[in-house]
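Worksheet: one structure, shown below.
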Amino acid sequence: MAQLIYTANTSLDGYVNDADGNFDFTVPSDEVHGFINDLERGHGTYLYGRRLYETMKVWEAMQQRTDLSPVARDYADFWCRAQKVVYSRTLKAAETARTRIEPSFDPEAVRRLKAGASTDLSLGGAELAGQAFAAGLVDQVHLFLAPVIIGGGTRALPDAVRTRLELLDERTFGSGVVHLHYRVSGQA
């Protein structure tokens, strides 16, 4: 069975964006981006909330650019090859290839998707992740902690969900970003 893996770039105080929705503090260095590429490359399907999909869809247009760094080119290539499932009550049609829109998050459908997938699934978007955590669907967590405190915004991890995590790996990058890799080990 495939695993559902949540990855988030976050401030040290746990926010994926600030109170105004800005997330420029999470833009990765080439070193961090290359590491993320190695983590994400084998994922065959990305599950997104609408807001993160709106951010990520630029990778389809970027694939056509000739001026991308090798790290960005690599990411654009495998992002475009992957299947995408976007959970949105407002989007009616996908704006990228290999993308389908689902009007709501259905935990049973995701369980079936995991059971039938031959590659791991990537989960993105804090609100969607909260729903997946609450349903007991998340198997692993990758957090990339930026060396900044922003004091508010959208939390990377859900409120009102208790989950035990087992630390599998950690790494510090030259930019000061710290990567923490956890396995979800059950209800706390």
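The values are calculated or read from the model by the stated rules, or taken from the named source; none is laboratory data. These figures come from a predicted structure and were not determined experimentally. Note that each Cβ is placed from the backbone with ideal geometry, even for glycine, and that neighbours are counted across all protein chains shown.
Among all positions in segment 66-84, there is no residue which is surrounded by fewer than 18 Cβ atoms within 10 Å (Cβ to Cβ), out of contact with any Lys or Arg (no Cβ under 8 Å at 6 or more places or on another chain), more than 28 Å from Pro147 (Cα to Cα) and among the hydrophobic types (A, V, I, L, M, F, W, C). A Cβ distance below 6 Å, combined with a sequence gap of six or more or placement on separate chains, defines the contacts here; from segment 156-174, residues that are among the aromatic types (Phe, Trp, Tyr) and surrounded by fewer than 17 Cβ atoms within 10 Å (Cβ to Cβ) reach residues that are outside any loop (DSSP other than H, G, I, E, B) and modelled with pLDDT of 95 or more in the pairs Phe173/Glu31; Phe173/Val32. Taking the condition at negative phi, of a type outside the set (Asp, Glu), at pLDDT below 95 and surrounded by fewer than 17 Cβ atoms within 10 Å (Cβ to Cβ), does Arg100 pass? Taking the combined requirement at face value, the residue does not satisfy it.
Just checking, how many residues over segment 12-29 are touching a residue at least 40 places away in the same chain (Cβ under 8 Å) and among the hydrophobic types (A, V, I, L, M, F, W, C)? Adding up the residues that qualify gives 4.
The set of residues in segment 19-29 that are buried (at least 17 other Cβ atoms within 10 Å of the Cβ) and assigned to a helix (DSSP H, G or I) comprises Phe25, Thr26.
Do any strands (runs of 3 or more DSSP E) lying entirely in segment 30-134 carry at least 2 residues that are touching a residue at least 24 places away in the same chain (Cβ under 8 Å), in contact with a Ser or Thr (Cβ under 8 Å, 6 or more places away or on another chain) and under 22 Å from Leu180 (Cβ atoms), and which ones are they?
By residue number, 45-49, 121-124.
Considering segment 154-179, the residues that are closer than 19 Å to Asp18 by Cβ and hydroxyl-bearing (Ser, Thr, Tyr) include one that is nearest to the chain's Cα centre (by Cα), namely Thr154. Restricted to segment 51-85, and to residues there that are touching an Asp or Glu at 6+ places or on another chain (Cβ under 9 Å) and among the basic types (Lys, Arg), the residue that is nearest to Arg100 (Cα to Cα) is Lys57.
Here Gly151 meets the list (1) closer than 19 Å to Val16 by Cα; (2) small (Gly, Ala, Ser); (3) surrounded by 19 or more Cβ atoms within 10 Å (Cβ to Cβ) almost entirely, failing just condition (3). When segment 1-13 is examined, which residues are found to be more than 18 Å from Val138 (Cα to Cα) and either outside any strand (DSSP E or B) or among the aromatic types (Phe, Trp, Tyr) (or both)? Listed by number, the residues that qualify are Leu12, Asp13. Residues in segment 30-57 that are touching a Leu at 6+ places or on another chain (Cβ under 9 Å), hydroxyl-bearing (Ser, Thr, Tyr) and surrounded by fewer than 20 Cβ atoms within 10 Å (Cβ to Cβ): Thr45 alone.
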